[in-house]
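The values are calculated or read from the model by the stated rules, or taken from the named source; none is laboratory data. Predicted, not measured: the structure shown is a model, and the values here were computed from it. Using ideal geometry, Cβ is built from the backbone for each residue, glycine included, and neighbour counts are taken over all protein chains shown. Note: areas computed on protein heavy atoms with side chains; ligands, DNA, RNA excluded. Shrake-Rupley method; radii C 1.70, N 1.55, O 1.52, S 1.80 Å.
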Amino acid sequence: MLAKFLALASLAAISLAHNTHNTRKTCEVPAKGAGQDDGPTINSVFKKCSHNSKIVLDKYYVVDTLLLTQNLDNVEIELSGTVQYTPDIAKWSPQSLYLTYQNATTFWFLSGNNIHMYGGGTIDGNGQVWWDTLNNTHNSGTAGGSSTTFARPIPLTVGNATNVVIENIHEIGSPFWNNFVYQSNNVTYKNINIRAVSYSSSPTANSDGWDIYRSSHVTVRDSVVNNDDDCVSFKPNSTNIVVANMWCNGSHGISVGSLGQYAGETDIVANVSVTNTTMLNAQNGARIKVFGGNPSPNSTIGGGTGYVKNITFKDFHGKHLLFENVENPILINQCYSTAADVCAQYPSNLNISDVHYINVHGTSAGTNGNVVVDMECSDTCEDITATGTHLSSPNGTAVYVCKNIASTAQLNQISQMIRLMLFGKASLKNRHKAPDIKTYGMKLVVKELTCHMIAFAAVCSGYKASPSFYLLSTMTALPPATTAAEILAGSSPTASSVYENFVLPAESAAIDACNTLCTIQARVVGYLLLYPPSEDARSTLTTELASCNGRPDLDVHQAVYELGATYLRHFIFIFRRTRGRTPAPSDDSSPPSPDRAREEYMRQLQPVPRDHLSAKHAALVRDNFRCMLTGVVDMASVDDNLTIRAPGETEDLTRCFHIFPDSLGNTETHGTGPKEHETATVWSILERFGYEDISAELILGSTSKNNLHRLENIMTLSPRIHALFDKMLLWLEKVDEEVGD
């Protein structure tokens, strides 16, 4: 589970930040002064104090010698002074430590186990000389790399290290990348302030805030970056990465890659979570960059293999994402640094899948016309989703470009999702059992959907897409009448008849008219009929479809589309809206709107107290202060000493979520406004589908008006797990018998 590895990445920070050792000796590093080289002194102190020590760097240090501080074990580094490297290009080019990948070199190689650097001090790369020289010589490497003849060292590399925390440090003037995480595990950076700004006409170059390479469980958070390249970059074989609470100005975005540069190499980036990022004056927002293919077996400009998988960009807020003529708040480029003709002939060998953009907001500068999303793959990219994304262009209606974005999902999963969401009913009936998910008679199911599904969700649930993704027509077509007859065997003959005579022709007519939305509506009705949550639901839907014929106001096709729109709005998507605004009521007054049932619910619907906080506290106690699906310990509860994290357990934030949204009973009056109208419609449809006992148990009657907050309707989940529920990527599935203890 993603929640587990997200929490794992912070374990080193938690343990080191609170770790004190009475036996630790303190070693202060003197400074020679007068511009003399302090590098040998620093190396000597680190060698003498490499175990169970505290090393204090509280002076101004001039460094003209490679800092090679290795084999450290349980060492604190209090950097409250300044480490400044000399701007001697001729000396540093051969002297800096060569790290192979993209010809990167470093001034300081920090290596070992259980290392904690802190103190508010500064690492000064003296980069202006390098920027000016590069601007004059253009002696750079491929795709943001360095040159073997003109090294631009990295100020600090954490390499071959485990359990490292670096916090409260300033970094200025890096000649190249600011930080390099190299072949390491469990590394955390927090409260880092990076500034790479040129004071001449020469721009800075390749001033990435962080580059992560062949490393796992790395966290970068709570930091400020002013630069002109990637804010954070996930280089080859970066896995289980967390980036959170970042402020990036002037950057090229949060980037996956570049990858696939070297033929014969396998590059993997997987399990990455990027949340709560502000991106200003940037070339890109959330970016994936992958080289195209190459026919040469020795190529250094593409042809590598591998994959990008399980990447989440969440809560991006940007303004003026600008770089000359290129403007990409969201970008997937599978032909990075590859000529178009080469990429067309040799598509990328590196697969991209399972990438999710959630709540990405902002305004582009419009330098690329109206395009705000550009996802172009040279080969097929699968399971790409975008939800809650609101991007605008000053040039008019925003344009989303999707090329070779393919779906592997089946549309009949919609029916499964409806059915499984309604299995919250099983948890309500098992209210006397312990709150372990296993005792609910369910199993956990994860399934990937695609941007097609997310886009149609935005369109069909009543929210305007700007524009839709133009890819929805690739959703799975309805099966032929012969297949449907086999599925419907044992049901009323009318079900097969309405499917063959009404639903299939409506789908065909929508396809012929190139009407994506109507195609979706027809298919949803068809799959609901084939795979209903209950036989009662099939009988109800059969009757409604039969009534589509002979309506005086609509032809049969339009009546089918209208029916699909009703179920999309009031039956499927209500379970994705937990605490949002109540949608405006539809003006539709014709069938299948359940008027009489709705009126009855309007009379009976009672206000529900907004007691979300008390429900959350009670659910936390019930669930032993843990996510009930992953077992992750609630971080706030640990901080408040309400529970103890056992060895091997991980921490994360958890939240209280309703199986049936509290908005379904959250009416403030007995009137007939939009909230009451929407809520009554949903409950009446549930009743017609055979779930009247749920509404009776949860909202009706004066003694049960608070029941939407009852514990049987509450789940303690980590936000990531809930996001998967919310996007219909994860659900609970009923099983025939109980499993587990």
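Structural remarks
- Vicinal HN-Hα couplings computed from phi for the stretch 625-636 (Karplus, 6.51 cos²θ - 1.76 cosθ + 1.60; Hz; Gly/Pro x): 6, 9, 4, 6, 9, 9, x, 5, 7, 5, 4, 5
- Computed over the stretch 20-164, the ratio Rg/Rh where both radii use C-alpha atoms and Rh is Kirkwood: 1.00
- Fraction of accessible area attributable to carbon and sulfur, the stretch 34-106 (%, probe 1.4 Å): 51
- Overall form of the stretch 338-396 per C-alpha gyration tensor (a/c, 1.5; a/b vs b/c): oblate
- 3J(HN,Hα) from dihedral phi, the stretch 536-548, Karplus parametrisation 6.51/-1.76/1.60, rounded to Hz, x for glycine, proline: 4, 4, 5, 4, 4, 5, 4, 4, 5, 5, 4, 6, 5
- For the stretch 214-365, diffusion coefficient by Stokes-Einstein and Kirkwood Rh (Cα), 20 °C, 1.002 mPa s, µm²/s: 139
- Fraction of the pair-distance distribution of the stretch 67-149 above 14 Å, Cα-Cα pairs, percent: 71
- Probe 1.4 Å, protein heavy atoms only - accessible area per residue of the stretch 98-190 in square angstrom: 26
- Net charge of Cβ neighbours under 11 Å - reference residue 291; Lys, Arg +1; Asp, Glu -1: -1
- Under Karplus coefficients 6.51, -1.76 and 1.60, residue-wise ³J(HN,Hα) of the stretch 373-384 in Hz, glycine/proline x: 10, 10, 10, 10, 10, 6, 10, 5, 9, 10, 6, 9
- With every protein chain in place, the stretch 333-381: carbon and sulfur % of accessible area (1.4 Å): 43
- Residues whose amide H falls under 5 Å from that of residue 189, counting only those 5 or more places apart or on a different chain, are 166, 219, 220, 221, with hydrogens built in the peptide plane.
- Using only alpha carbons, the stretch 137-243 has a radius of gyration to Kirkwood radius ratio (Rg to Rh) of 0.96.
- Taking Cβ atoms as reference points and 12 Å as the exclusive limit, the residues near residue 206 contribute a net charge of -4, counting Lys and Arg as +1 and Asp and Glu as -1.
- Summing Lys and Arg as +1 and Asp and Glu as -1 over all other residues whose Cβ lies under 13 Å from the Cβ of residue 164 gives a net charge of -2.
- Other-chain or far-sequence residues with amide H under 5 Å of residue 384's (modelled H): 354, 355, 451
- Applying Stokes-Einstein at 20 °C and 1.002 mPa s to the Kirkwood radius of the stretch 507-548, computed over alpha-carbon pairs, gives a translational diffusion coefficient of 197 µm² s⁻¹.
- In terms of distances greater than 27 angstrom between alpha carbons, the cross-link table entries 25/59; 32/91; 235/314; 25/235; 309/403 yield 25/235.
- Segment residue 646-residue 113, length gained on full extension (0.36 nm per residue, minus Cα span): 189.6 nm
- Stretching residue 638 away from residue 617 to a fully extended chain increases their span by 6.2 nm, per 0.36 nm per residue minus the current alpha-carbon distance.
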